[in-house]
Amino acid sequence: MERNATGPGTTASPPPTGPPLPGAAAAEPPAVSGPLDGMPRQRGAATAAQAPADVPEPPRGPRPWNVLPTPAGTPFTFAYAAVLAVTSLVAARADPGLVHTLHQGSSTDVAHLVRAPVPVLLASALWIAGGVVSPYTAAFVLVLTALERRAGAVRAACVFLGGHALATLATEVPVGLAVLLGRLPPTSLHRLDYGISFGVAASVGALAGLLRPLLRWPLLAVTAGALLDGLLAYRDPLTDWGHVIALTLGIAAWPLIRPVRHRTPVTLRAPDA
């Protein structure tokens, strides 16, 4: 239904019928591109009102639980920590004579290294010297978790086990040579040596290379100071030297665990003729 507005004093007359006059252009209705004013429940207006605005995501805060190992995030550290928890429970609850026999069989002394080097190196890394109250327990969980989250499970395992094995060989091989040369008694071939401290020291050195300089150098300074203090005290020189060697091995692994940064190739553009 159309509404025609008329002026005052005029009567409305119907439009003439018949064919359009020649030369008269047909009037086209104006195109409507948006909703009309005053017309409720229009499709365009509803669509514009329902369109969600782009709301930025709130910034994520720090996650304190990332310092602890998880089965999905750090599978190597989580599984290793579970094994160490079991062996620490055995060491705390079992008969002391049995515990001493297990430790002696896992010792990385020269006599065991000559007979079965690989099994004894692995077995010695299943125990924590001093039990769960040892400071190496907390260092293992925190350091190895941070290292695995940044470098991956394979690289973290290689750093830990490699530092443990190489530092052990670097301290026990000189003992065997000294016994052969008569500088040490034969009882030195059966020296009790086990624990995860060499692997932890190597992991600290490797982790420092993945941190920002503001955290890297204080971590290295504090760790090196503690290790050198124990070395100067001369309580257990072979073990203390092993810690220093393991820390050095972790630092030497920086090129292997740091992510490779691909440089953008430079393209030479020919001069315009």
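A few remarks follow.
- Taking the criterion of being surrounded by 21 or more Cβ atoms within 10 Å (Cβ to Cβ) and over 20 Å from ALA129 (Cα atoms), the residues of segment 194-236 that qualify are GLY205, ALA206, LEU207, ALA208.
- Among the residues making up segment 88-101, those that are surrounded by fewer than 18 Cβ atoms within 10 Å (Cβ to Cβ) and part of a helix (DSSP H, G or I) are LEU89, VAL90, ALA92, ARG93, PRO96, GLY97, LEU98, VAL99, HIS100, THR101.
Conditions tested, residue by residue: (1) under 19 Å from ALA206 (Cα atoms); (2) in contact (Cβ under 8 Å) with a residue 40 or more places away in the chain.
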{"site": "VAL132", "(1), (2)": "no, yes"}
{"site": "TYR136", "(1), (2)": "yes, yes"}
{"site": "VAL141", "(1), (2)": "yes, yes"}
{"site": "ALA151", "(1), (2)": "yes, yes"}
{"site": "PHE160", "(1), (2)": "yes, yes"}
{"site": "ALA167", "(1), (2)": "yes, yes"}
{"site": "THR171", "(1), (2)": "no, yes"}
{"site": "ALA178", "(1), (2)": "no, no"}
{"site": "LEU181", "(1), (2)": "no, no"}
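- Selection count where residues are among the hydrophobic types (A, V, I, L, M, F, W, C), within 22 Å of THR239 (Cα to Cα) and within 32 Å of the chain's Cα centre (by Cα), scope segment 78-108: 2
- Within segment 113-142, being under 23 Å from GLY176 (Cα atoms), open to solvent by less than 40 Å² (accessible area, probe 1.4 Å) and of a type outside the set (A, V, I, L, M, F, W, C) holds for one residue alone: SER124.
- Check on VAL154, in a helix (DSSP H, G or I), modelled with pLDDT under 95, more than 19 Å from THR223 (Cα to Cα) and open to solvent by 10 Å² or more (accessible area, probe 1.4 Å): no
- Members of segment 109-141 that are within 31 Å of the chain's Cα centre (by Cα), aliphatic (A, V, I, L, M) and part of a loop (DSSP other than H, G, I, E, B): ALA125, LEU126, ILE128, ALA129
- Cross-chain or 6+ apart pairs with Cβ under 7 Å, segment 107-130 first and of a type in the set (S, T, N, Q), then assigned to a helix (DSSP H, G or I): SER107/SER124; THR108/VAL120; THR108/LEU121; THR108/SER124; THR108/THR168; THR108/GLU172
- Members of segment 237-248 that are touching a residue at least 12 places away in the same chain (Cβ under 8 Å) and open to solvent by less than 60 Å² (accessible area, probe 1.4 Å): LEU238, THR239, ASP240, GLY242, HIS243, VAL244, ILE245, ALA246, LEU247
- Check on VAL159, open to solvent by 20 Å² or more (accessible area, probe 1.4 Å) and assigned to a helix (DSSP H, G or I): no
- Summed over segment 67-84, residues that are at pLDDT 95 or above, assigned to a helix (DSSP H, G or I) and in contact with a helix residue (DSSP H, G or I) (Cβ under 8 Å, 6 or more places away or on another chain) total 6.
The values are calculated or read from the model by the stated rules, or taken from the named source; none is laboratory data. It should be emphasised that the depicted structure is a prediction, and the values quoted were computed from it without experimental measurement. Note: ideal-geometry Cβ built from the backbone for every residue, glycine included; neighbour counts use all protein chains shown. SASA here: full protein model, heavy atoms, side chains in, ligands and nucleic acids out. Shrake-Rupley method; radii C 1.70, N 1.55, O 1.52, S 1.80 Å.
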